[in-house]
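The values are calculated or read from the model by the stated rules, or taken from the named source; none is laboratory data. Quantities reported herein were computed from a predicted structural model and do not represent experimental measurements. Cβ coordinates were reconstructed from backbone atoms using ideal geometry, including for glycine residues, and neighbour counts include every protein chain displayed.
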Amino acid sequence: MKHITHHVDFCVVGGGLSGMCAAIAAARHGIKVALMQDRPVLGGNASSEVRMHVCGAHGENNRETGIIEEIELENRYRNPLRNYSLWDSILYEKVRLEPNITLLLNCTCNSLEMKDNRIVTVKGWQLTTETWHTVKADLFADCSGDSILAPLSGAAFRVGREARTEFDEDIEPEATDKKTMGMSCLIQARETDRPQPFIPPAWANVYETCEDLPYRGHDILTTNFWWIELGGEQDSIHDTEAIRDELLKVAFGVWDHIKNRGDHGAENWVLEWIGFLPGKRESRRYEGDVMMTQNDVRAGGKFEDLIAYGGWTMDDHHPGGINWPGEPTIFHPAPSPFGIPYRCLYSRTIDNLFCAGRNISVTHAAMSATRVMATCDVLGQAIGTAAAMATRERTTPRDIYTDHITELQQTLMDDDVYLPWHTRTIPALAQTATLTASEGNPAPLRNGLDRPIGEADNGWIGRLGAWIQYSFDTPRKVRRLRFTFDSDLNRPEKNQPSSYPLDMEPITTPATLVRAFRVETLTEDGEWILVTRVDNNYQRLVHLNVDVTTRALRFIPEATWDATAAHVFAWDVRDEI
């Protein structure tokens, strides 16, 4: 068989959203990356193969930003009807077209080589090409969900629920066990303009009445059928195929119930898609230098090495899944946001191994809140950024904590990752300039807080055609501009739908985003001339490279996507790229 060896700085195993964000962040910070993914598409549970919409922190203005916001805004601009094939293509291009990433799809990691306490290579079989791929790297990240590198490397990991007394967690069972949250095969339906019959397969389960589905709301428009769940009382890795078979019986049986057994308003609805790849919630979890617990979540997670945040309730599904007659999950209170420490994102026993996603170093109880995908995305961006720093410094993941954690935090915030209770440092050129505006108060543009927080807006609002100006005592070289615009962090729509009603409204680029703007420079003759213009912006974070020596620069918003005024959270001027 063919055998190819790749030499990179950083190898990411697992191409869900956390692995994608890890690979993209590392590559954009200048290092060579290989991303090994065992499926034909990227996105993991968010992909067309599973179709779980991206969930994250609850609460006003708590939406996750950074790479995940960039991806979601791209989807809103190019995929208004939220077609899953187009969503897959957007995820694909974000990785495939990144120059520093080697993408290995359909490639299953199944072995590795160690030297001392480090991983040296990982090896995967690419089904479509009958090729073995070996990736040699200095640093590795396990974003595979099931943590395949843990058993292969001997890294310390856990499966199941901790005993209540181990970490004094009152939502845990009295005795430790191997039970987990289950997995789900989701279903999607589409409304048509005429009646649609449904003939179930003979092997589908039968649910004659709604009493056969207690506590399982099955309104087509309001549920994504997450409760079609099994496997928590079995081996969540090795029993996956058998669990999938049972889930399919449940899924077809649920649709048969909706269509044929009682009036559920489904006469014109058709089952458009059913997942044959179960979406997993829980399996192996790494042990890091810190194991975050239920109590850390409830206390708000104000760690010194906070590099991400969550804000999902501790949503602890019963391991019995659909076979459990009671409530399928318990929503234990959790604050939003709560911080997550960097020390949860690398192995305590393998020197060069990061982790991100649902497999980080948390207890079962804490994982019930940290496992949702938007949280996992920002964890991925954190380790990708840390990997680039570790490559530059020729150091380990642990050394980033001891020697470079403040730099990591500042780099993440500069990349538009929100870190609660932290302030982004403003570049010196912008700090020392005089900042004025034709109207409104421009001061918040350099307060280092790039979103509304509590009662503080932290932005500038001005009419279209108004201006913001940086002035300098002497002519200064400006080489880079950084903007943070308002992408409506409270928009209600999910990235992708759970069902497709006939009258479904398309999603649109947020009305609040600045669509067109120009930047002008003041000449020695006192004239304002154009430096650069953007006519079709649909992103929140915008970087522009310029080359101008000036005493003053002006930003002038010309159009939004539908708002009457421009809303800007940050505008930095920098003297280096």
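Between 406, 375, 436, which is buried (at least 19 other Cβ atoms within 10 Å of the Cβ) and not in a loop (DSSP other than H, G, I, E, B)?
375
Pick from 458, 441: which is touching a helix residue (DSSP H, G or I) at 6+ places or on another chain (Cβ under 6 Å), outside any strand (DSSP E or B) and in the same structural domain as residue 540 (by TED's automatic domain parsing)?
458
In segment 25-48, what count of residues is obtained for those that are assigned to a strand (DSSP E or B) and either within 21 Å of residue 395 (Cβ to Cβ) or without any contact (Cβ under 8 Å) to a residue 24 or more places away in the chain (or both)?
Count: 2.
What is the number of the single condition among (1) closer than 22 Å to residue 344 by Cβ; (2) surrounded by fewer than 18 Cβ atoms within 10 Å (Cβ to Cβ); (3) among the aliphatic types (A, V, I, L, M); (4) in contact (Cβ under 8 Å) with a residue 40 or more places away in the chain that residue 148 does not meet?
It is condition (2) that residue 148 fails.
What's the total number of residues in segment 102-156 that are part of a loop (DSSP other than H, G, I, E, B) and touching a Cys at 6+ places or on another chain (Cβ under 6 Å)?
Qualifying residue count for the region: 2.
Cβ-Cβ under 7 Å, sequence separation 6+ or interchain: first residue in segment 204-223 and closer than 28 Å to residue 504 by Cα, partner of a type in the set (A, V, I, L, M, F, W, C) and assigned to a loop (DSSP other than H, G, I, E, B). Which pairs?
If the second residue must be of a type in the set (A, V, I, L, M, F, W, C) and assigned to a loop (DSSP other than H, G, I, E, B), the pairs left are 216/227; 220/266.
Can you tell me which of (1) touching a residue at least 40 places away in the same chain (Cβ under 8 Å); (2) in contact with a strand residue (DSSP E or B) (Cβ under 6 Å, 6 or more places away or on another chain); (3) in a strand (DSSP E or B) is the one residue 297 doesn't meet?
(3)
From the residues in segment 84-105 that are in contact (Cβ under 8 Å) with a residue 60 or more places away in the chain and of a type in the set (Val, Ile, Thr), which one is surrounded by the fewest Cβ atoms within 10 Å (Cβ to Cβ)?
Looking at the filtered set, the residue picked out is 102.
Can you name the residue in segment 107-126 that is surrounded by fewer than 17 Cβ atoms within 10 Å (Cβ to Cβ) and not hydroxyl-bearing (Ser, Thr, Tyr) and is also nearest to residue 138 (Cα to Cα) among such residues?
Taking the candidates together, the pick is 120.
Please pick out the residue among 220, 199, 237 that is over 22 Å from residue 145 (Cβ atoms), within 29 Å of the chain's Cα centre (by Cα) and in a loop (DSSP other than H, G, I, E, B).
Among 220, 199, 237, only 220 is over 22 Å from residue 145 (Cβ atoms), within 29 Å of the chain's Cα centre (by Cα) and in a loop (DSSP other than H, G, I, E, B).
Just a yes or no: is a residue in segment 561-576 hydroxyl-bearing (Ser, Thr, Tyr), at pLDDT 95 or above and either surrounded by 20 or more Cβ atoms within 10 Å (Cβ to Cβ) or not assigned by TED's automatic domain parsing to the domain that holds residue 451 (or both)?
Within segment 561-576 (the criterion being hydroxyl-bearing (Ser, Thr, Tyr), at pLDDT 95 or above and either surrounded by 20 or more Cβ atoms within 10 Å (Cβ to Cβ) or not assigned by TED's automatic domain parsing to the domain that holds residue 451 (or both)), the answer is no, since none of the residues qualifies.
Check residue 65 against each of (1) buried (at least 21 other Cβ atoms within 10 Å of the Cβ); (2) β-branched (Val, Ile, Thr); (3) assigned to a helix (DSSP H, G or I) and name the one condition it does not meet.
Unmet for residue 65, out of (1) buried (at least 21 other Cβ atoms within 10 Å of the Cβ); (2) β-branched (Val, Ile, Thr); (3) assigned to a helix (DSSP H, G or I): (3).
Only one of (1) within 28 Å of residue 69 (Cβ to Cβ); (2) of a type in the set (Asp, Glu); (3) surrounded by fewer than 12 Cβ atoms within 10 Å (Cβ to Cβ) fails for residue 527. Which number is that?
Only one criterion is unmet by residue 527, namely (1).
To keep it simple, each residue is scored yes or no on (1) more than 30 Å from residue 244 (Cβ to Cβ); (2) in contact with a helix residue (DSSP H, G or I) (Cβ under 6 Å, 6 or more places away or on another chain).
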position	(1), (2)
12	no, yes
31	yes, yes
49	no, no
79	no, yes
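Take segment 304-332 and flag every residue that is surrounded by fewer than 18 Cβ atoms within 10 Å (Cβ to Cβ) and under 22 Å from the mean Cα position of the chain (by Cα).
The one that is surrounded by fewer than 18 Cβ atoms within 10 Å (Cβ to Cβ) and under 22 Å from the mean Cα position of the chain (by Cα): 331.
Those residues that are in a strand (DSSP E or B) and without any contact (Cβ under 8 Å) to a residue 60 or more places away in the chain, I need them from segment 491-522; list them, please.
Across segment 491-522, the qualifying residues are 514, 515, 516, 517, 518, 519, 520, 521, 522.
Which number in (1) without any contact (Cβ under 8 Å) to a residue 24 or more places away in the chain; (2) over 24 Å from residue 372 (Cα atoms); (3) not assigned by TED's automatic domain parsing to the domain that holds residue 395 marks the one condition that residue 173 misses?
(2)
Counting only residues that are out of contact with any strand residue (DSSP E or B) (no Cβ under 7 Å at 6 or more places or on another chain) and either under 17 Å from residue 559 (Cβ atoms) or assigned by TED's automatic domain parsing to the domain that holds residue 190 (or both), how many does segment 467-502 have?
2
A quick yes/no check of all residues on (1) in the same structural domain as residue 151 (by TED's automatic domain parsing); (2) surrounded by fewer than 21 Cβ atoms within 10 Å (Cβ to Cβ); (3) closer than 30 Å to residue 503 by Cβ:
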position	(1), (2), (3)
234	no, yes, no
243	no, no, no
249	no, yes, no
254	no, no, yes
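Just one of 46, 34, 22, 26 is closer than 25 Å to residue 419 by Cβ, buried (at least 19 other Cβ atoms within 10 Å of the Cβ) and more than 14 Å from the chain's Cα centre (by Cα); which is it?
None of the other options fit; the residue is 26.
If I ask for residues that are among the hydroxyl-bearing types (Ser, Thr, Tyr) and farther than 16 Å from residue 53 by Cβ, which ones from segment 484-511 would you list?
Listed by number, the residues that qualify are 484, 487, 508, 509.
Being among the hydroxyl-bearing types (Ser, Thr, Tyr) and in a strand (DSSP E or B), is that true of even one residue in segment 3-24?
Looking through segment 3-24, at least one residue is among the hydroxyl-bearing types (Ser, Thr, Tyr) and in a strand (DSSP E or B).
If you check 496, 469, which single one turns out to be surrounded by 17 or more Cβ atoms within 10 Å (Cβ to Cβ), closer than 26 Å to residue 424 by Cα, among the polar types (S, T, N, Q) and at pLDDT 95 or above?
469
Looking at residue 410 and the list (1) within 21 Å of the chain's Cα centre (by Cα); (2) touching a residue at least 60 places away in the same chain (Cβ under 8 Å), which single condition is not satisfied?
(2)
Would a scan of segment 350-361 turn up a residue that is among the charged types (D, E, K, R) and part of a strand (DSSP E or B)?
Checked against the condition, which is being among the charged types (D, E, K, R) and part of a strand (DSSP E or B), segment 350-361 yields no hits at all.
With the structure loaded, tell me whether residue 272 is surrounded by fewer than 18 Cβ atoms within 10 Å (Cβ to Cβ), over 18 Å from residue 183 (Cβ atoms) and either under 31 Å from the mean Cα position of the chain (by Cα) or in the same structural domain as residue 47 (by TED's automatic domain parsing) (or both) or whether it fails that test.
yes
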